[in-house]
């Protein structure tokens, strides 16, 4: 069951409803039945030129939520496609943080015009939100929240929540502030309902609050919410005044966005590549990294070029080159992936030296096993213990050094204040390729060619 | 500020408090101040033999929450280290889903003994939860929830919530059931507080509920919660009876676990590798994939071995081998990463053929550009237009085919019901290596050697 809407099935039903024989209202009936998240999924799957027509058919009361859920690449066209009269209503229905995000994607002249057309108070708050960096706590918070003074009783707080709560959509927590609007505690709706009516809010509230400043990076916000199992996190200014809150659904979005970013960076894909990117956009998103790969693999090729005469004399050594390079590269990527993921989930480790020692030890062991295997195979194939030794020892060193470098590089980048995920496979494999070629061709030149 | 506890700083303070001169209670005072999530982080960072002693110092009322947060690898030792008398209290304090998870990690005889020692009702519910697959909705749900009959008024519902709610920890939603315990609606605590006291629960509840069966995969649960911005999701049996609920903090854990799994699989790391794995555990977790890499890179080497005489005659061609292989491999990994991530976030795309066409088109264009560059360089270096053509055309084809294969493989695996993330870089680069060597060495043999 799981109430999951299959977009392909909905599209088929939409097409059937749009057939000449069907009643003209059939499509609209179907659209009105759907959840905004499903409508957004359909819009994202449509071609850009079909999107506006579909969006216009969505009933006005579902449009704002649908708009907030579609991919940000579709926003400018959809806003442009809506009647001027409807823009006012649309932005009135949007949550303030979504409105700020959408306006930030529009040409600044269009955004300014829209801000002039909507309610002045809302307009001011949206403009304030737009000033924060998109990936900071301020950029993802909403200023819509429910707060009560600390000297109320639980019964009075419930009345206050009833008065203010109608204007605020989802909330599960009430913020408690002092006379100067400084956050002093939080009370869950559960605690408010369970409390004795005459008990003071200041007696039932939680005082030990996890909170962030608006400049905090969204990745750190997500980490705090995940670590402390929070439902939302308050945002306060330098003097502790309550500015806004970040809710659980935003956090899930942040976690997904940050993970995609890490994953894409590891593979050298530009993190803003959209789900429905055109071929030209795909080329633009991936070509830069491939050009870097071309340059860096050229470095590996330069190493090989130094040993042209060795290869001419011992052509069989070229057979081992890709094996050694692949093994060293994969060991390094394994170690880097684990290190990057650990940093993303847990932040800087308490004792980086220890885990590094373990990684190096593991690399030496794995390198030893693989080196022994490859050395025996190579020695038997070429019927030469010396070839076996050269090949096996190169393999051993290449894996041990590759794994150590793969584990250390992200920690080093993190120490330098850089994003560890940029230690992408491209850089790593360049390093391990050069290392592998140098080891196998160098040792072949020194120990085998000289003795021919 | 951000109230973030730095484990390194806490460890330093703990060490200072444990110095001979300090008052003996200083460490305990510091421990009692910390959040269970921070205590868990400290335990995870300790050596296995230090963990039990630290866990025993934690006050009884913080132990259950701390235990739920530590890495699952530490559970058996910590449970073993606790006095028998304390186990009863510990499991009484644990949420039922956490208790079931922890018992599942213990030797079955130990788990049985603990189940016999705790309250019979709780014991039955925990045993029932343990029957579900660990990665299914049933495996992550808790049976602690608040439900009310549909014929109550809002005021009566609040009284019911007060009576039942004290035993249930975090909840933000009340489930509405009919006389046969079938789920008919949900009411948020916000809606309950805002409602007219005499209005019926059945009039204010949301009837259009996203719900799952206990056998549903946890990844699908996480996807539904993320898509529909839910705070929790109810779990129902075949006849619609309410069995439990999955809450937002579990969902964040699921998303993190599933992402780690995808990322690790892409790199060939066993997904259960713990943050504090020993060197031997690292070897066990990574060696299997490296052995597969050894086998598969051996396939690439076999291709090279077929062309030994070509390499002997044209040693310079070995310089281009790693460049062509690296470019084809990276193009494939880029395309695969994007495809795997899309499948993870959005499920099967509505029109897979379209995105595949775009990927292939992009591969042909990028391949053309890179091939042209490499062909010109190669032609100039060897002073031969023919060499330039051979190198450039091989590069073009290798990238175009590599990118197409990288984009298609995850979709194919998904169609076959397999996890697309197993299309790991290991398999992909084997394919692209073999392809690259065959293209460059084959064309060199056919177009260059024959004409020497």
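Values in this text are rule-based calculations from the coordinates and carry no lab data. Computed from a prediction, not measured in an experiment: that's the story for all the values here. Please note: Cβ atoms are built from the backbone with ideal geometry, for glycine as well, and neighbour counts cover all protein chains shown.
Summary of values
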quantity: Theoretical gain in end-to-end length, residue A:89 to residue A:133 [0.36 nm per residue, Cα-Cα removed]; calculated: 13.2 nm
quantity: Degrees separating the helix B:385-415 axis from the principal Cα axis of chain B, which is the longest one; calculated: 30 degrees
quantity: Nm distances between copies for residue A:128, ranked from closest, using label points 7 Å along Cα→Cβ; calculated: 4.9
quantity: Between 0 and 90°, nearest 10: helix B:218-227 axis offset from chain B longest Cα axis; calculated: 80 degrees
quantity: Estimated FRET transfer efficiency (residue B:9, residue A:33; beta-carbon r; R0 45 Å; 0.05); calculated: 0.25
quantity: Ranked list, fewest to most other Cβ atoms within 10 Å of each Cβ, for B:52, B:376, A:269, A:391; calculated: B:376, B:52, A:269, A:391
quantity: Packing rank of B:225-238, B:155-168, where each peptide gets the mean count of other beta carbons within 10 Å, highest leading; calculated: B:225-238, B:155-168
quantity: Förster radius 60 Å - calculated FRET efficiency between residue B:447 and residue B:237, Cβ distance, rounded to 0.05; calculated: 0.35
quantity: As computed over chain A, the Cα convex hull volume per residue (Å³); calculated: 222 Å³
quantity: Spin-label pair residue A:412/residue B:357, simplified geometry with 7 Å Cα→Cβ offset, distance in nm; calculated: 4.7 nm
quantity: Spin-label model distance (nm) - residue A:53 vs residue A:385, 7 Å beyond Cα toward Cβ; calculated: 8.0 nm
quantity: Cα pair count fraction exceeding 23 Å, expressed as % - region A:282-451; calculated: 44 percent
quantity: Copy-to-copy label separations for residue B:368, where each label sits 7 Å from Cα toward Cβ, in nm and ascending; calculated: 5.4
quantity: 0 to 90° range, to nearest 10: angle between helix A:248-267 axis and chain A longest Cα axis; calculated: 20 degrees
quantity: For A:41, B:206, order by how many other beta-carbon atoms lie within 10 Å, fewest first; calculated: B:206, A:41
quantity: Region A:7-131 - percent relative contact order, Cα under 8 Å, separation 6 or more; calculated: 19 percent
quantity: Neighbour-count order for B:209, A:58, fewest beta carbons within 10 angstrom listed first; calculated: B:209, A:58
quantity: Nearest-first distances (nm) between copies at residue B:83, label 7 Å from Cα via Cβ; calculated: 7.6
quantity: Separation between Cα centres of region A:292-345 and region A:229-244, rounded to whole Å; calculated: 48 Å
quantity: Per-residue mean of C-beta atoms belonging to partner chains within 10 Å, peptide A:172-182; calculated: 1
quantity: Shape parameters for region B:7-131, alpha-carbon atoms, Rg then Dmax in Å; calculated: 15.4, 52
quantity: Inter-chain shielding of B:290-298 (mean C-beta neighbours from other protein chains, 10 Å cut-off); calculated: 6
quantity: Peptides A:119-131, B:361-373 ordered by average Cβ neighbours within 10 Å, highest first; calculated: B:361-373, A:119-131
quantity: Interatomic Cα distance distribution for region A:147-263, bins of 5 angstrom, percent; calculated: 2, 11, 21, 21, 19, 12, 7, 3, 2, 1, 0
quantity: Rg ratio (alpha-carbon, reference 2.2 N^0.38 Å) - the protein assembly as shown; calculated: 1.04
quantity: At R0 = 22 Å, FRET efficiency that the Cβ-Cβ distance of residue B:61 and residue B:156 yields, to 0.05; calculated: 0.05
quantity: Per-residue mean of C-beta atoms belonging to partner chains within 10 Å, peptide A:357-366; calculated: 5
